[in-house]
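Enquirer: Supplied in structure tokens, the structure appears directly below.
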């Protein structure tokens, strides 16, 4: 994942339909540890697919909510154009010779995403490239998604939220294999699994429910020949205890995107306080209504007994 590419621009339509993690149990909320996740990372030739940037590597770690790795997938991708950003991701033009084009991976990725929540650290970035390169080739739209960057900002008070900085602050280790798609996907998967394991209470996923995905690839040709530069590594190393950085009150996830400057934090904190006050008022009103109903029932019973 290229931290220098992360712009945080939201995509409300396209490949990914965003969900969130919350401590508040609601009617449609699902226990997050009971789900499966497809943790995604891409390396790219630039910032914006609308300006010609393309995927040059993709990786997915499919795992359970308890951190059990079910499958690791990675391949270099031929972007069909000169590769920029080599000083960050280390991929040269010659490295992608013989690698598949992004569109040829639509069926493979749909299988990895099926019945799972797609996860990324600043998922808006990955979503833009999936929407631009994979959806036209048959990848279904509206796949359930979860952004760990927004989740960390919502739930924990850290100085920095980039994947390496958050990893160091929370589990004491710099991620290995930084700026390779599989290395960063594994680091993101570890952060998610540790978050679900070390939360002060149950975390729930709210958003579109995982569903089975079907795709008929629109790319002609036979089986796709993958070209990986990073071998699969299997089980994730996981910390079982995190420092006490959990916020006493979670911030609204929708306010935790973008650059998240000091003013952004203050706005999110203010919204969290206001939302907390509204919940307290609603709970108080419900308690009063319940007490009034109980008193009325008691009066009715007394009249009946007389």
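The values are calculated or read from the model by the stated rules, or taken from the named source; none is laboratory data. Just so it is clear, the model here is predicted, and its values are computed rather than measured. Every residue, glycine among them, receives a Cβ derived from its backbone with ideal geometry; neighbour counts consider all protein chains shown.
Enquirer: Run down 136, 140, 164 and say which single residue is over 15 Å from the mean Cα position of the chain (by Cα) and closer than 23 Å to residue 236 by Cα.
Expert: None of the other options fit; the residue is 164.
Enquirer: If you don't mind, another one. In this structure, does residue 50 turn out to be in contact (Cβ under 8 Å) with a residue 40 or more places away in the chain and within 27 Å of residue 251 (Cα to Cα)?
Expert: no
Enquirer: Among the candidates 209, 189, 232, which residue alone is touching a residue at least 60 places away in the same chain (Cβ under 8 Å), assigned by TED's automatic domain parsing to the domain that holds residue 111 and not in a loop (DSSP other than H, G, I, E, B)?
Expert: Sole residue among the options that is touching a residue at least 60 places away in the same chain (Cβ under 8 Å), assigned by TED's automatic domain parsing to the domain that holds residue 111 and not in a loop (DSSP other than H, G, I, E, B): 189.
Enquirer: Going by the structure shown, is residue 165 modelled with pLDDT of 95 or more, more than 22 Å from residue 64 (Cβ to Cβ), crowded, with 24+ Cβ neighbours inside 10 Å and assigned by TED's automatic domain parsing to the domain that holds residue 47?
Expert: No: the conditions fail for residue 165.
Enquirer: Kindly indicate whether any position in segment 135-157 is over 25 Å from residue 213 (Cβ atoms), touching a residue at least 60 places away in the same chain (Cβ under 8 Å) and part of a loop (DSSP other than H, G, I, E, B).
Expert: yes
Every residue, every condition in (1) over 30 Å from residue 109 (Cβ atoms); (2) modelled with pLDDT under 95; (3) touching a strand residue (DSSP E or B) at 6+ places or on another chain (Cβ under 8 Å); (4) surrounded by fewer than 15 Cβ atoms within 10 Å (Cβ to Cβ), yes or no:
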| position | (1), (2), (3), (4) |
| --- | --- |
| 227 | no, no, yes, no |
| 241 | yes, yes, no, yes |
| 249 | yes, yes, no, yes |
| 256 | no, no, no, no |
| 259 | no, yes, no, yes |
| 262 | yes, yes, no, yes |
| 274 | yes, yes, no, yes |
| 277 | yes, yes, no, yes |
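Enquirer: Something else about it: Quick one: what pairs do we get from segment 257-268, first residue over 11 Å from residue 154 (Cβ atoms), second surrounded by 10 or more Cβ atoms within 10 Å (Cβ to Cβ), C-beta under 6 Å, 6+ apart or different chains?
Expert: If the second residue must be surrounded by 10 or more Cβ atoms within 10 Å (Cβ to Cβ), the pairs left are 258/8.
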